[in-house]
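The next block holds one structure in the form of structure tokens; read it before the comments.
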């Protein structure tokens with residue numbers, strides 16, 4: 001509403017100062033876009049279906065969820081089983097948009113999510129898929145070669161003698 005009031009004010013100034021028509025047009029465009037987003041239908045998530053306004057879409061009907069580059073407002077293309085596609089727009093804050101997107105992805109069990117199958121997207125094992133080979137962890141040297149040789153020499157001496165210090169050390173007196 002503020003943008004529309006500013007558009008009227010800029011238009012009034014434009015009667016005497018023609019350059020003021022530029023901000024008037026920008027205010028009208030901004031105000032119109034904000035009003036369009038404000039009057040988007042409510043999005044509700046249930047266990048059995050997705051409700052957008054008065055329209056209920058069963059989760060089994062959703063075959064594809066494709067996110068656009070927009071996160072706030074959230075814009076997602078939803079493709080149904082009958083190849084119909086609609087644009088889902090949620091003008092909430094970033095945390096709410098991320099939460100809604102996560103719920104949409106979780107509940108659409110039969111859908112491709114951004115072109116990736118549901119199970120693969122969420123990291124579940126796919127039947128018949130070969131198991132991954134685990135790579136051995138790399139071994140990093142902790143000691144220099146000469147220090148390693150000294151540790152090995154002390155270890156061998158400990159094994160044969162049973163202790164590291166000499167028998168007649170000056171500290172024992």
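The values are calculated or read from the model by the stated rules, or taken from the named source; none is laboratory data. Note that the structure is a prediction, hence the values are computed from the model and not measured. Cβ atoms come from the backbone with ideal geometry, glycine included; neighbour counts cover every protein chain shown.
In the range 107-127, how many are part of a loop (DSSP other than H, G, I, E, B) and in contact with a strand residue (DSSP E or B) (Cβ under 8 Å, 6 or more places away or on another chain)?
6
Check the range 60-71 and report whether any residue there is assigned to a helix (DSSP H, G or I) and touching a helix residue (DSSP H, G or I) at 6+ places or on another chain (Cβ under 9 Å).
no
Given the condition at pLDDT 75 or above, over 30 Å from residue 110 (Cβ atoms) and surrounded by 10 or more Cβ atoms within 10 Å (Cβ to Cβ), answer yes or no: does some residue in the range 138-147 qualify?
Yes.
Please state which one of 100, 87, 104 is surrounded by fewer than 10 Cβ atoms within 10 Å (Cβ to Cβ), within 26 Å of the chain's Cα centre (by Cα) and not in a loop (DSSP other than H, G, I, E, B).
Step by step, each of 100, 87, 104 is checked, and only 87 is surrounded by fewer than 10 Cβ atoms within 10 Å (Cβ to Cβ), within 26 Å of the chain's Cα centre (by Cα) and not in a loop (DSSP other than H, G, I, E, B).
Among the residues of the range 1-40, how many are outside any helix (DSSP H, G or I) and under 30 Å from residue 97 (Cα atoms)?
The total comes to 3.
Has the range 53-64 got at least one residue that is surrounded by fewer than 17 Cβ atoms within 10 Å (Cβ to Cβ), modelled with pLDDT under 90 and at positive phi?
Among the residues of the range 53-64, at least one is surrounded by fewer than 17 Cβ atoms within 10 Å (Cβ to Cβ), modelled with pLDDT under 90 and at positive phi, which makes the answer yes.
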